[in-house]
Structures are given as structure tokens and as C-alpha cells.
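The values are calculated or read from the model by the stated rules, or taken from the named source; none is laboratory data. Nothing here was measured: the structure is a model prediction, and the numbers come from that model. Cβ: placed from backbone, ideal geometry, glycine included. Neighbour counts: every protein chain shown. Side chains are part of the model used for accessible areas, which takes the heavy atoms of the whole protein and leaves out ligands, DNA and RNA. Shrake-Rupley method; radii C 1.70, N 1.55, O 1.52, S 1.80 Å.
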Number of protein chains: 2
Amino acid sequence: MTPAVPALAERIRRAGEVAASHDVEVLLLTPGTDLRYLLGYGGASHERLTCLVLPAAGHLAPPAIVVPKLEAPGLAALPLAELGVEVLTWTDGEDPYRLVSDLAGGPTRMAVADSMPASHVFGLRDVFPDVAQTLAGPVLRELRMRKDAGEVAQLRAAGAAIDRVHARMAEFLMVGRTEAEVGEAITAAILDEGHTEAAFVVVGSGPHGASPHHDVSGRVIERGDVVVVDIGGPLPGGYNSDSTRTYAVGGEPPATIREAYAVLQDAQERSVAAVRPGVTAESVDTAAREPITEAGLGKNFVHRTGHGIGLDVHEEPYIVGGNPILLEPGMAFSVEPGVYLEGEWGARIEDIVVVTADGCERLNTRPRDLVVLPG
Amino acid sequence: MTPAVPALAERIRRAGEVAASHDVEVLLLTPGTDLRYLLGYGGASHERLTCLVLPAAGHLAPPAIVVPKLEAPGLAALPLAELGVEVLTWTDGEDPYRLVSDLAGGPTRMAVADSMPASHVFGLRDVFPDVAQTLAGPVLRELRMRKDAGEVAQLRAAGAAIDRVHARMAEFLMVGRTEAEVGEAITAAILDEGHTEAAFVVVGSGPHGASPHHDVSGRVIERGDVVVVDIGGPLPGGYNSDSTRTYAVGGEPPATIREAYAVLQDAQERSVAAVRPGVTAESVDTAAREPITEAGLGKNFVHRTGHGIGLDVHEEPYIVGGNPILLEPGMAFSVEPGVYLEGEWGARIEDIVVVTADGCERLNTRPRDLVVLPG
């Protein structure tokens, strides 16, 4: 699942180039998905500093990784020598920030991983007191936002895996079970279907469906409930699934809900249909928002239309008003409008799509109607 | 499991007082264990800002939490009104950092959660361009380092839970299984015994035992292997277990290993015996290190003796050379010396202890000898 050495080498080379074009002299990346993208290894994140020091193109120092001595064996399987990445270890009591500053020389502008904890940000600030710190995200996103064929294949496999879980929903979601019990059964299925973790399991039944980021609760599923099920997690290669379907349990809901759902389904279709190279991220959001607003439900669609997905569940590009980024082939993101009636019910439909040469490919293909389960 | 309202109110009040004594005017806490300690709710950590704004004592503004509108329902169950914590929501497209700066007024010195991601650190820096940013850890640790009776009870329950897993080790660890298979069985047992997650499962067999932070691999357990098993995770209340035992599988190891192990066991006993109020953290490290060094194995003990534990698996106080902190009743930490023979074998013995009025209580009580499993 880890990319081959030439692919990683190319990513490292391009990260250095993009850094240079952003006027960044050195990238400092602590454990997380940026590190995993470049080395095929996310690192162990804790209070001890692990940091990839990646100079921008044109700077002479080779890349190096600073790592606690007791973590060093975990790097043994990585092709660091082939990638030209030096390894420097430190032991408890030594100052790892000093090691980084020795490696990085005297830059005037450094960029740190968006996820770097403040403790390390300030540790680095103290050894580079006159250096402007910026985020590495804008550099890394230039690479990570455009998925290559191998990454798309992994996202496709993740989409198929979570679709298999949704296909089995009648086994899990039934009258008389609590949301938490349903969630446990779904979690087991997410693992069964090849994920390494159930990163999130939202079972929002009845009024809980109106809370977009509800997870699960002790509420018992009742006949007639509309239930939002938003689930996903990473496959072993690290790429994530994320798909939402809305179910009616034990019978058709009333006409008012069916009508609002039809508006939502139309909005999701129109938004997916709007995805193609050259259009803005904002325009995809607008395509979902307009029909919902026209139906008088605009205030009930309380979030952006989508988020990029890859090694992170949420990453660039964000499908949100005000985002002028132009879509390109290989960009992967969710299209997930929702309507939420506080205290009553909610619904959301979410597919992951990948931009193709002339439109997009949906990675989730389960029926998008309000599926009625026997209950 | 969540502390009662008066206990949380007292924590919030004391955090404000300690902040003032540290010359910090406002604490800014994003999702994580500091937030959980103060509110009984850790928050959802992602790219959308959730932030508790907690003014130091003497500042007039009441505490407030800034939260994405779609996360707000997750706060409904919290006693925020009773705690006097205002809730401010924001929606996609708004600037949440501006909300924080409106709340915090014009401080000259703010402290941010140690775990706050750089993206939020810099977002706050941009709206408070002239404000010195420091870490909130030194403030929060003054509170979190000294566990109250309720916290000790939860750590004790966590210790008992992980001891039950070690007690069943003969069911999991046997000749012919891979480390990964053993790890899977242990993970299931960790969950069975009441943990919400197996936060770490180290099965370091044979030469892998020499890598202190090894996790698991495809290596097959062989007769005669010495195996380091370091396991733990949180109970539902959030407090963690962490205990290491070293096993010999299928028979006694050779005398050289048994002799080195006896040195290690003696070092762990002496280190635990050194724990009492008023001694330095460093002195506990020294008590473990001296006998190992005297036996000529000093260079094989490559890490500090221990780390504090609570809502985080690793927190203050660290039991390490150079740490002058004086131990006090209620401090909880690991005592876990190890010896590592690179390419050959390793061993470690780890108990969590809590400082009492005149010594300490061990929260792990499984036998500390090199336990021989049938294999």
C-alpha cells in the first residue's frame, strides 16, 4: 500500500520545489499525514519530537529526520537511504530543537506542519527566534490535493468498502435498538469490510438527525424514525472512506419529510453534476445550496457542501462559499448537502467524488433515496 | 465518570488563578485533555476551531467557548450554564479567530493548549499580532499533576483492568503465533476488560524486544523467546492504564538473560521504593539507573524511567534526569526501567504508582519476575 520509492522521491522533490515557489526555505513536518504522504510513514505523535527537515529546492542541505532514539527502530523498514533522507537520533535529556536548528542552518522563513502541536511550534520558535513561521499546508496541499492513480484506486477501494457496510444496514439499524448498539454493530462491519478503524460513526435518529455531527446516544430507535448514518475510516493504506445515507425505519415518513428529502436529493444530484475541471469549489457549493434555498430550506442547510478527502478525512479542497480554487482532475472530495429541522429530524446524502477529465466519478454508489428499512 | 459540577467549577477557578500567577491573561484551549479536565468534554478536534477562552483571575470577562454551529448540539449535555461558560457559535465562512479576539479583549500575554495545532496557533497570532503566545501546559499541569481522590480511583480501576489482561497472557502469547496475532487477541481483551480503546499494544518478541516503542510485526513467536508486552488505554472516564511485563515463552531463558533481568527487577523495586513526597523526580530516575549502571548495563537503559499518566498516557511529571520537581501526594506516574540488547532481546517492567502521604501505592500488582508461559 505504501507508494514505491520513485513515487516518494518525486513527492519529496516536488515538495521542495513548491516550498521554494512559496518563499519557504525549509519545511518542518512532525508526525501526521503530511509525513505519511512524503515518507510512507506517519510517525509516532507524542511529546517527544520527531521532525522531518525538508529544505526547499535550491538549498544545499539534504533532507533529514530527527527522531527519538527509541523510535528509530520503527524507521528501519523505510527506504530512507534510497530517498536520501539522513536520520538523526536524540535521547531523553538532549534538546531536539537544537538538532533541527543545526540541520536547517539559518533560514529566514520556515513552514511547519498544520497539525504540529503548539509545544513543538514554540520549541522551534525558541531556537529560531528571528525566523518567520508559516504553515506548510499551503505547500503540501499543492501536492496532496491532486491524487495520482494509485491514490484514486485506494479511495475507490475505500468507497466500495463503506458501500458494503451501507448495503448491510438492515442488519444493524432496527426498531428497539439504541443508537449506541446500532453504532457498535456498524463499527464491527466497518472493520470487517477492511478498514483499520471506524474513524466516525454517526447514527442520528429522529431529532438527533438534526445535529450534523451527533455521534451516537442511548436513544432507542422508534418505528417511523428518519436516521442519518454517516460513517467511514481508513483502509490499511491510510486513505479514508466517508459516506452518508439517510434511512426511514419501519415505514414511509410523512409527506413533509418526503418532500424536503426530494429537494435534498435533487440538490445533491445537481451539485455532483456541477463537478468538472475548471469550475470553482464555490460553484459546487452553490449548485447544492440554490435548490435548497429555493425550497425555503436554506437556513436548514447549516454547513458547507463538502471537504476534500485522502489521508485525512477532512483536507483541501473545501467545497464552500468563497473558495475560488479551480477544480482539477484528481481532486477528491465529498458532496454532502443536508437539511436539519431542529428538534425534529435531519437528512444528509454524501458521496465522495473524484474529478475526471470531463466531470467526476462517484466513489459511492448506494441508492440515494430515503431507503425504507423493515425496522 | 464526569466530575460533578462543583469539582469542575473549582478546576476552572483554580486554572484562572494559576494563570494569573504565571502572568498569563487568558488561556485558549482547543479540543484535548486540558479541555476535558476542565469541562468534562474533550471536544471534537478537526480543522474547524473549537476554543475555550478562559480569562485569568482578576480579568472581568467570563469564560466562553467558541464552537462551530454544527458541533453545538454536542455541548447540550454539559453543565455550561451552571459553570458560567458562555457558548458562541460560528458557521462555515465566518472567522472564528475574530470571535475569540472579541471575547478576549486586548491581552498582552496568552497561553494556548500544548496540543493546539499550528493552524490554530497562527490563526490566533494573526488576530492578536502583538500578543506573546506561550504554552498553557505549565498552568494546567499545576492542576492536572496532582490527582484528586476521584481521579486516583479511576487510575486504580484502569490499573486493575490492564492487570486482568496481563493475567490472561497465556491465552494470547504462544509459540507459532505472529506478534500481530498476539496483539489482536490482546486488543480484544483490553476492550473486554472495560477500556474504550487499546491505545497501544507492544508485543516485542526476541530481538524486537530491544526496540522500546516497537508495536507488533509479522514475526512468529519462537520457543525460548523473551517478549516485552506493554499495553494500555483509556477507561470510559478518560483515565489511562499502562503496564509492561516481560514474558519468557516455552521455557527459561539462558542465565545471561536471567541475570540481567534480576538486575532490572531490583532496579524497578528500588525506584518504586524511592517514591515519596518531597523527593525529586530525578531521584526516582537515579534510583533505577544506578543499579543498572553498576551491573554494566547503563548504556542499555536508553530512556527515562517514567512519565506521568492521567487523561494523557504521557503527561507531567516526567521521571527523568534533570527534573527537579518535588513529588507530592496524588502525583501518578510510571516506573518502567528497561534493558535493551540490540539485535538480541529486551526487557522492561512497568507499574503505575501514585504518591501517598508517606510513599506510594502501586496500581499494577501482577508478578514482576520473568514469567514463564507454557508456550
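Key figures
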{"read-out": "Protein-protein interface of the range A:187-230, residues with accessible area decrease of at least 30 Å², isolated chain reference, 1.4 Å probe", "value": "A:211, A:213"}
{"read-out": "Chain pair A, B: total accessible area buried, heavy atoms, 1.4 Å probe, Å²", "value": "2500 Å²"}
{"read-out": "Formal net charge of residues neighbouring residue B:360 (Cβ-Cβ distance under 10 Å; K, R +1; D, E -1)", "value": "-1"}
{"read-out": "Nm distances between copies for residue A:200, ranked from closest, using label points 7 Å along Cα→Cβ", "value": "2.8"}
{"read-out": "Potential lengthening between residue B:256 and residue B:14 on full extension [0.36 nm per residue; Cα-Cα distance subtracted]", "value": "81.9 nm"}
{"read-out": "Å² of accessible area per residue within the range B:149-373, as computed with a 1.4 Å probe and no ligands counted", "value": "35 Å²"}
{"read-out": "Accessible area of the range B:63-136 divided out per residue, in Å², using a probe of 1.4 angstrom", "value": "40 Å²"}
{"read-out": "Cβ-vector label at 7 Å, residue B:20, separations to other copies in nm", "value": "5.5"}
{"read-out": "Residues whose placed amide H lies under 5 Å from that of residue A:308, excluding near-sequence neighbours", "value": "A:315, A:318, A:319, A:334"}
{"read-out": "Evaluated at q = 0.06, 0.09, 0.13 Å⁻¹: base-10 log I(q)/I(0), Debye formula over Cα of chain A", "value": "-0.27, -0.58, -1.02"}
{"read-out": "Exercise: per-residue mean of other protein chain Cβ atoms within 10 Å, B:103-113", "value": "1"}
{"read-out": "Alpha-carbon Rg with Dmax, taken over the protein assembly as shown, Å", "value": "26.4, 81"}
{"read-out": "List of the range A:70-84 residues, accessible area with partners at least 40 Å² below that of the chain alone (1.4 Å probe)", "value": "A:70"}
{"read-out": "Cα convex hull of the range A:149-373, projected area averaged across orientations, nm²", "value": "10.7 nm²"}
{"read-out": "Within chain B, percent of DSSP bridges classed antiparallel, to nearest 5", "value": "70 percent"}
{"read-out": "Cα→Cβ-extended label distance, 7 Å offset, between residue B:344 and residue B:269, nm", "value": "2.4 nm"}
{"read-out": "Principal axes of the range A:320-375: Cα extent on each, largest first, Å", "value": "42, 28, 12"}
{"read-out": "Reachable lysines from residue B:299, criterion Cα separation under 16 angstrom, eight or more residues apart if same chain", "value": "A:69"}
{"read-out": "Size of electric dipole in chain B: Cβ of Lys, Arg +1 and of Asp, Glu -1, about Cα centre, debye, nearest 20", "value": "340 debye"}
{"read-out": "Gain in span if fully extended, residue B:171 to residue B:148, counting 0.36 nm per residue against the direct Cα distance", "value": "4.7 nm"}
{"read-out": "Alpha-carbon spread of the range A:5-144, three principal axes, descending order, Å", "value": "37, 36, 25"}
{"read-out": "Distance between modelled label sites at residue A:77 and residue B:76, nm, 7 Å Cα→Cβ extension", "value": "4.5 nm"}
{"read-out": "FRET efficiency estimate (nearest 0.05) - Cβ-Cβ, residue B:222 to residue B:156, R0 45 angstrom", "value": "0.80"}
{"read-out": "Taking the range A:49-147 and dividing mean pair separation by its residue count, relative contact order in percent (alpha carbons under 8 Å, at least six apart)", "value": "23 percent"}
{"read-out": "Carbon/sulfur fraction of accessible area - the range A:5-144, other protein chains in place, 1.4 Å, %", "value": "52 percent"}
{"read-out": "Antiparallel DSSP beta bridges within the protein assembly as shown, percent to nearest 5", "value": "70 percent"}
{"read-out": "Across the identical copies, how the residue A:167 labels are spaced - nm, sorted shortest first, 7 Å along Cα→Cβ", "value": "4.4"}
{"read-out": "Probe 1.4 Å - accessible area at residue B:303, Å² to nearest ten", "value": "10 Å²"}
{"read-out": "B from A by rotation - nearest chain A beta carbon to the axis, in Å", "value": "A:121, 3"}
{"read-out": "Computed [θ] at 222 nm, deg cm²/dmol, the protein assembly as shown (DSSP H ≥ 4; -39,500 (n - 2.57); rounded to nearest 500)", "value": "-10000 deg cm²/dmol"}
{"read-out": "Karplus 3J(HN,Hα) series, Hz, for the range B:40-57 with 6.51 cos²θ - 1.76 cosθ + 1.60 (x for Gly, Pro)", "value": "x, 8, x, x, 9, 9, 7, 5, 7, 6, 10, 8, 7, 9, 10, x, 5, 4"}
{"read-out": "Simple Cβ-charge dipole of the protein assembly as shown, Lys/Arg +1 and Asp/Glu -1, about Cα centre, in debye nearest 20", "value": "220 debye"}
{"read-out": "Length-normalised contact order of chain B in % [C-alpha pairs under 8 Å, at least 6 apart]", "value": "14 percent"}
{"read-out": "Computed accessible area, residue A:360, all protein chains, 1.4 angstrom probe, square angstrom", "value": "40 Å²"}
{"read-out": "Charge dipole of the protein assembly as shown about the Cα centre (unit charges at C-beta), most positive-ward option of A:138, A:300, A:52", "value": "A:300"}
{"read-out": "Sequence-separation-based contact order of the range A:123-281, relative, with Cα cut under 8 Å and 6+ spacing, percent", "value": "20 percent"}
